[in-house]
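**Q** Following this message is one structure expressed as structure tokens.
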Amino acid sequence: MTKNSAEQMSGAKAFIESLKKEGVDTIFGYPGGVLLHIYDEIYKCDLRHILVRHEQAAAHAADGYARATGKTGVCLATSGPGATNLVTGIATAHMDSVPMVAFTGQVSSFLIGNDAFQEANITGITLPITKHNYLVQKAENIPKSIKEAFHIASTGRTGPVLVDITRDATVNEFKFSYPDKVELRSYKPTVKGNIQQIKKAAAMIAAAKKPIIYAGGGVISAGASSELYKLAELINAPVTTTLMGLGAFPMDHPLFIGMPGMHGTKYANFSIQDSDLLIAVGARFDDRVTGKISSFASGAKIIHIDIDPAEISKNVTADLPIVGDAKSILNDLLPVMAEKVTSGKTSDWLKRVNQWKKEYPLAYKDDGSTIKPQFVIETLCEIAPDAIVATEVGQHQMWTAQYFKFKKPRKLITSGGLGTMGYGLPAAMGAKVGCPDQIVFDVAGDGSFQMNSQELATLVANDIPVISVILNNGYLGMVRQWQELFYDCHYSHTDIVDSVDFVKLAEAYGALGLRVEKKSELKEAVQTAIKSGRPTVIDVRIDRGENVFPMVPAGAAINEPIDERKYGGI
Amino acid sequence: MTEMQSHTLSILVENHSGVLTRVAALFARRGYNIDSLAVGRTEDPDVSRITIVAYGDDAVIEQVIKQLYKLIEVIKVVDLSKEEHVDRELALIKVGTTSETRADILQIVDIFRAKIVDVGSNTMMIEITGDGEKISAIEKLLRPFGIKELVRTGKVGLSRGPKDIVKEK
């Protein structure tokens with residue numbers, strides 16, 4: 001460890017200096033008692049701090065910022081309730097492997113364990129939902145902990161790290177020096193894939209008649225989209241991407257077959273089930289993807305490329321595992337593959353896949369009498385095809401995943417693993433802060449939107465023009481759909497019609513509020529929102545009874561979707 | 001699926017506060033049961049060794065090991081059951097005595113090569129080291145005399161031969 005400066009300073013100042021060394025430009029946070037020293041330094045420095053209205057939003061915003069930019073997101077909250085309010089946001093980032101460093105204030109070290117005012121054992125609470133966490137009780141440990149936190153968060157399988165700093169550590173002074181590098185003997189993630197395994201993979205791919213690529217969020221984390229593209233074209237195999245992987249492969253490409261799993265396309269699911277080789281890249285065989293696990297791709301050999309060795313054979317046994325970074329592995333695979341590939345080998349297979357595509361297209365009924373949510377998403381995609389789209393969680397999220405044709409990575413910002421309602425608006429805020437030149441939508445449901453709508457205040461105060469498009473059906477729609485399908489239409493606590501006037505709500509915060517009640521009004525409203533350059537809420541009154549289809553019931557094989565014609569589908 | 005059996009995992013960790021919590025919590029939240037646990041320092045003061053006996057089939061144990069490696073402070077994990085190794089437990093047994101039973105108890109202690117570490121007017125404390133079966137055997141023999149208290153450590157173990165688990169790959 002070399003010293004690159006040796007100025008005497010407080011822990012609070014060292015906190016700021018350390019963040020600068022890590023290249024942090026923005027913090028989403030909320031002050032409090034034990035953070036006063038740190039906030040005094042924030043007052044004096046030029047780091048951008050965005051004051052949220054609830055700490056949960058700080059975590060989601062840091063997460064959205066990270067997903068949109070690829071950089072590590074940073075949030076800050078005070079001890080006790082401030083810290084516990086971050087928990088949902090940290091868990092969300094953990095499930096989706098988002099690089100994030102969450103800082104919390106802690107009561108002074110001599111008070112720890114005394115049930116002091118605003119004391120919570122946040123390192124204990126976040127143990128299972130962080131990649132790692134630190135309790136820093138001495139000023140001189142602040143730089144090293146921050147250095148390690150950023151290193152751990154942003155390398156290997158990325159994820160959230162929490163650093164809890166006691167009040168006295170922020171007050172006490174020491175000679176500041178920032179470590180040049182991290183030395184953790186117990187943490188050395190594998191980046192490069194084993195070349196023997198890669199050669200075997202190439203041989204398996206060359207021998208396959210019905211290969212399929214199943215790509216996940218790991219491709220986006222690794223920045224491996226162009227390598228994935230090259231592989232797909234080289235071996236001429238259909239590509240399905242998980243919810244987390246949408247945008248890793250252009251959705252308008254002829255080889256793209258949509259999302260797999262519960263609300264995936266029928267042709268993706270049929271193709272997986274019929275394939276003889278499944279090439280999984282940065283995907284983790286989640287239960288929403290596999291359905292009944294024993295019958296998932298049961299005729300296929302499985303190649304599993306993943307940065308996390310613990311994902312290999314966790315849910316589905318891999319015939320050929322390759323541990324490492326997706327970009328590095330695909331780069332090594334491509335030249336080996338190029339020598340082995342036989343052109344035209346998959347043409348019969350592609351014919352079959354395309355036949356399914358034609359026979360079972362993604363479609364919905366639209367007689368024009370109501371506004372169909374799918375139409376809303378298609379319209380957004382038509383007006384702003386390159387926009388960043390954050391979502392909340394529920395039906396609107398699935399419609400977005402199905403009908404917005406993402407062509408590039410880091411465009412869809414959605415809580416896949418944890419399924420966090422209330423995620424979208426603050427995540428969209430973080431994305432817009434990270435990518436101010438892009439149009440950023442938050443596609444929301446009327447239920448989810450109410451979980452963090454207070455962030456409209458943050459958007460207005462900081463002039464962050466996120467456009468919220470609420471697909472308002474007056475229901476907690478996804479739960480309502482399950483009640484209709486599986487609980488005899490007992491709509492237990494899912495009807496929330498007219499709970500709030502979203503236009504007035506937007507106006508109350510100083511945002512622009514627009515309402516769309518007719519199909520014909522939609523386009524203009526979206527264009528008005530974009531032109532206004534203001535935070536906007538568009539309340540779109542959609543068809544109340546619309547369901548998300550296709551749908552494979554939980555626990556069924558993915559080639560056994562329910563007959564949607566019984567429930568208003570096609 | 002392979003059969004369920006007992007595995008002795010030797011886990012080297014950074015000697016930081018909270019590491020044991022991380023390891024134990026991992027077992028709890030992933031639904032793996034711990035049969036016994038022992039922890040202490042090693043030849044390197046910065047490193048502690050946690051020995052955990054867990055029950056499961058090979059696939060489960062493999063997943064346990066992979067999950068353990070995800071903990072930043074875990075340096076090395078070895079399944080001792082897969083190799084030649086020595087493992088031991090220690091027990092302290094406080095047994096009731098009378099002038100009639102004392103000789104019998106001493107004989108049992110002798111046969112098991114255990115030690116008397118404390119003697120009272122009507123109790124004796126016995127220290128015994130060995131594998132789990134040996135300890136269970138002496139416990140069974142002493143029970144008729146009236147065991148007042150008993151404490152057993154978790155199992156500790158090392159692989160046989162010259163290799164050490166940090167350097168071995």
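**Q** On each of the three principal axes of the Cα atoms of the stretch A:238-302, give max minus min coordinate, whole Å, ordered largest first.
**A** 31, 21, 20
**Q** Another question, then. So if I take the centroid of the Cα atoms in the stretch A:309-366 and the same for the stretch B:99-113, what is the distance between those two points in Å?
**A** 71 Å
**Q** Okay, next question. Output wanted: per-residue J couplings in Hz (rounded whole) for the stretch A:466-482, from phi through Karplus 6.51 cos²θ - 1.76 cosθ + 1.60, θ = phi - 60°, x for Gly and Pro.
**A** Using θ = phi - 60°, the values come out as 7, 9, 8, 10, 8, 7, 8, 10, x, 9, 7, x, 5, 5, 4, 4, 5 Hz.
**Q** Just to be sure I understand: of the beta bridges DSSP finds with both ends in the protein assembly as shown, what percent are antiparallel, rounded to 5?
**A** Values: 49 of 112 bridges.
If I count the DSSP bridges inside the protein assembly as shown, around 45 percent turn out antiparallel.
**Q** If we count every other residue with Cβ under 15 angstrom of A:L476's Cβ, Lys/Arg +1 and Asp/Glu -1, where does the sum land?
**A** Summing Lys/Arg as +1 and Asp/Glu as -1 gives -4.
**Q** May I ask you to derive the relative contact order of chain B, considering only C-alpha pairs under 8 Å and at least 6 residues apart, and to give it as an integer percent?
**A** With pairs under 8 Å counted, the relative contact order is 27 percent.
**Q** Just want to confirm a number: the relative contact order over the stretch B:5-83, from Cα pairs under 8 angstrom separated by 6+ residues, in percent.
**A** So the answer I get is 47 percent.
**Q** Do you know the relative contact order of chain A, to the nearest whole percent, from alpha carbon pairs under 8 angstrom that are 6+ apart? Provide the component values of the computation, followed by the final result.
**A** Working: 1340 pairs, mean separation 80.9, N = 570.
Averaging sequence separation for qualifying contacts and normalising by length gives 14 percent for chain A.
**Q** Using each residue's phi in the stretch A:101-116, evaluate 6.51 cos²θ - 1.76 cosθ + 1.60 at θ = phi - 60° and report the 3J(HN,Hα) Karplus result to the nearest Hz, with x for Gly and Pro.
**A** Ordered by residue, 3J(HN,Hα) equals 10, 9, 9, 10, x, 9, 4, 4, 4, 6, 9, 4, x, 9, 6, 5 Hz.
**Q** How many angstrom lie between the Cα centre of the stretch A:259-274 and the Cα centre of the stretch A:76-112?
**A** Using only Cα atoms to place each centre, the spacing works out to 38 Å.
**Q** Eight or more residues apart or on different chains, and alpha-carbon atoms under 21 Å: count the Lys pairs in the stretch A:37-182 matching that.
**A** 15
**Q** Which shape class, rounded, prolate or oblate, goes with the stretch A:1-154 when its Cα gyration tensor gives a ≥ b ≥ c as root eigenvalues, a/c under 1.5 marks rounded, and past that a/b bigger than b/c marks prolate?
**A** Details: a/c = 1.34, a/b = 1.05, b/c = 1.27.
In terms of gyration-tensor shape, rounded.
**Q** What's the exposure ranking of A:S145, B:S99, going from fewest to most Cβ atoms within 10 Å?
**A** On the way: A:S145 21, B:S99 7.
Sorted ascending by nearby Cβ count, the order is B:S99, A:S145.
**Q** Can you give me the long-range amide H partners of B:H85? Hydrogens built in the peptide plane at 1.01 Å from N, cutoff under 5 Å, separation of 5 or more residues or another chain.
**A** B:R160
**Q** Moving on. Within a Cβ distance under 10 Å of A:I235, other residues only, what is the Lys/Arg minus Asp/Glu net charge?
**A** +2
**Q** What are the ³J(HN,Hα) values, in whole Hz, obtained from phi via the Karplus relation 6.51 cos²θ - 1.76 cosθ + 1.60 with θ = phi - 60°, for each residue of the stretch A:311-323 in sequence order, with x given for Gly and Pro?
**A** Here the 3J(HN,Hα) series is 7, 5, 6, 6, 9, 10, 5, 8, 6, 9, x, 10, 8 Hz.
**Q** Taking the Cα centre of each part, how many Å lie between the stretch A:21-54 and the stretch A:117-162?
**A** Cα centroid to Cα centroid, the span is 17 Å.
**Q** Give me the tail of P(r) for chain A as a percent: Cα-Cα pairs with distance above 43 Å.
**A** 22 percent
The numbers here are math on the coordinates, done by the rules we state, and not lab data. Note that the coordinates shown come from a computational prediction; the quantities given were computed from them, not determined experimentally. Don't worry about glycine lacking a Cβ; one is built from the backbone with ideal geometry, like all the others, and counts go over all protein chains shown.
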